[in-house]
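The values are calculated or read from the model by the stated rules, or taken from the named source; none is laboratory data. Remember, predicted model here, so these are calculated numbers, not experimental data. Cβ coordinates were reconstructed from backbone atoms using ideal geometry, including for glycine residues, and neighbour counts include every protein chain displayed. Side chains included, ligands, DNA and RNA excluded: accessible areas come from the protein's heavy atoms. Shrake-Rupley method; radii C 1.70, N 1.55, O 1.52, S 1.80 Å.
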Amino acid sequence: KKKLSDSSWNRILRCCSRIFNKALQWQYIRSNPFTEIKQLKARTQPWHRMESHEFTALINKVSDIRKKAFYTVLYGCGLRTGEAINLLWDGINIDFEKNKITLINRPGTDTVPPFGIKDYEARSIPMPNWVVNLLLQLQEQAVPGCPFVFLDEERWARVKAKWQMFQQQ
């Protein structure tokens, strides 16, 4: 049986406490049973830093160029998954002339949904040559009309359809 993480458990406790506080405020109950339950002290687990030989073994097993480039950008540039997925072939996010990736907050347009960086601050990350080479290979096989670096044709169609539906609301 899988146990919830301490932070997940604490989140559930906080939500339950809020729900019962509202019931108490509305006088549906006399006391909140969750006020006596203490949150857990979150346990920390050591990070596993992937060694270069482990990354090389992973990349050698991957045959799809899109996945290989995606893993390479994550490892070689230290991007978060959401940041990498939201990279665009717009010359701003990926600058092949300066060998850098620039992450910026992006407002939504008619064709592309918005993207916000976790810490809200734009930053530029240098790309090692081996990352640049894989991205150039990927760009040669890019889906026509798709502005996203790592979306395949099917995923791009779904994103586009959802974004257009969202805009019509």
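Tallying residues that are without any contact (Cβ under 8 Å) to a residue 12 or more places away in the chain and touching a helix residue (DSSP H, G or I) at 6+ places or on another chain (Cβ under 9 Å) within the stretch 65-94 yields 2.
ASN133: of a type in the set (S, T, N, Q) and either in contact with a helix residue (DSSP H, G or I) (Cβ under 6 Å, 6 or more places away or on another chain) or loosely packed, with under 11 Cβ neighbours inside 10 Å (or both), yes or no? It is false that ASN133 is of a type in the set (S, T, N, Q) and either in contact with a helix residue (DSSP H, G or I) (Cβ under 6 Å, 6 or more places away or on another chain) or loosely packed, with under 11 Cβ neighbours inside 10 Å (or both). Elements of the type helices (runs of 4 or more DSSP H) sitting completely within the stretch 1-120 and holding at least 2 residues that are basic (Lys, Arg), open to solvent by 40 Å² or more (accessible area, probe 1.4 Å) and at pLDDT 95 or above: these cover 6-25, 65-77. Does TRP156 qualify as being open to solvent by 70 Å² or more (accessible area, probe 1.4 Å) and of a type in the set (A, V, I, L, M, F, W, C)? Spelling it out, it is not the case that TRP156 is open to solvent by 70 Å² or more (accessible area, probe 1.4 Å) and of a type in the set (A, V, I, L, M, F, W, C).
Within the stretch 52-61, is there a residue that is free of Cβ contacts under 8 Å to residues at least 60 places away in the same chain, in contact with a strand residue (DSSP E or B) (Cβ under 9 Å, 6 or more places away or on another chain), more than 20 Å from TRP163 (Cα to Cα) and basic (Lys, Arg)? Within the stretch 52-61 (the criterion being free of Cβ contacts under 8 Å to residues at least 60 places away in the same chain, in contact with a strand residue (DSSP E or B) (Cβ under 9 Å, 6 or more places away or on another chain), more than 20 Å from TRP163 (Cα to Cα) and basic (Lys, Arg)), the answer is no, since none of the residues qualifies. In the stretch 9-30, the residues that are hydroxyl-bearing (Ser, Thr, Tyr) form Cβ pairs under 8 Å with partners that are open to solvent by 60 Å² or more (accessible area, probe 1.4 Å) and assigned to a loop (DSSP other than H, G, I, E, B), at six or more places apart or across chains, as follows: SER17/THR35; SER17/ILE37.
Restricting attention to the stretch 121-158, the residues that are part of a loop (DSSP other than H, G, I, E, B) and either more than 25 Å from GLN169 (Cα to Cα) or of a type in the set (A, V, I, L, M) (or both) total 12.
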